[in-house]
């Protein structure tokens, strides 16, 4: 039987990236596959929440920029006094936000038994933005599909197929 985990989703946009930076600070880890991760202790009953900014399907790291520098480079450009650019200067290339990440997922980090509604409330309060979708997902099924595709499918789309609109 599949283990279902409460999770919340937000779509990508400059406002989301800036809210992550303002509310959660720099990621605790950045991965070569494009993922950015935060851990916070502001879930229901002080549960630790994992926040994961998921890369687009087939993500390719911009040449001339390390995976550790990607987040800081994007935030610096979005935080500039000028309006956010349509094309972010990242290493040797230009990309839009939508060419980097699909969206944000938040879920209990250590399998704490949290229901979707309290998770959505806590995560929305922590981020200052209510999630767009919440519900229960089978992370193993999503991970298997992502690996089978050679990372060629969107994790956010796979999650979204299992979630309700909040």
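Annotations
- In this simple spin-label model, placing a label point 7 Å from the Cα along the Cα-to-Cβ direction at both residue 76 and residue 94 gives a separation of 1.9 nm.
- Angle between the chain longest axis and helix 14-24 axis [Cα atoms, degrees, rounded to 10]: 70 degrees
- Relative exposure of 32, 74, judged by other C-beta atoms within 10 Å (fewest first): 32, 74
- Nearest-ten-degree value, helix 67-79 long axis tilted from longest Cα axis of the chain: 80 degrees
- Taking a point 7 Å from the Cα of residue 153 along the Cα-to-Cβ direction, the residues of the stretch 36-63 with backbone N closer than 17 Å to it are 54-59.
- Taking every C-alpha pair closer than 8 Å and separated by at least 6 residues, the mean separation divided by the residue count of the chain gives a relative contact order of 34 percent.
- With the simple spin-label model, which puts each label point 7 Å out from Cα in the Cβ direction, the residue 140 to residue 110 separation comes to 2.2 nm.
- Given their separation in residues at 0.36 nm each and the Cα-Cα distance between them, residue 117 and residue 42 gain 25.5 nm when the chain is fully extended.
- The stretch 1-59 and the stretch 96-164: distance between their alpha carbon centers, rounded to Å: 8 Å
- Degrees between helix 139-148 axis and first principal axis of the chain (Cα, 0 to 90, nearest 10): 40 degrees
- With contributions of -39500 (n - 2.57) from each DSSP H run of at least four residues, the per-residue ellipticity at 222 nm computed over the chain stands at -9500 deg cm²/dmol.
Each reported figure results from applying straightforward, stated rules to the coordinates on display, with no laboratory input. These numbers were taken from a predicted model, which means no experiment stands behind them. All Cβ positions, even for glycine, are placed from backbone atoms using ideal geometry, and neighbour counts span all protein chains on display.
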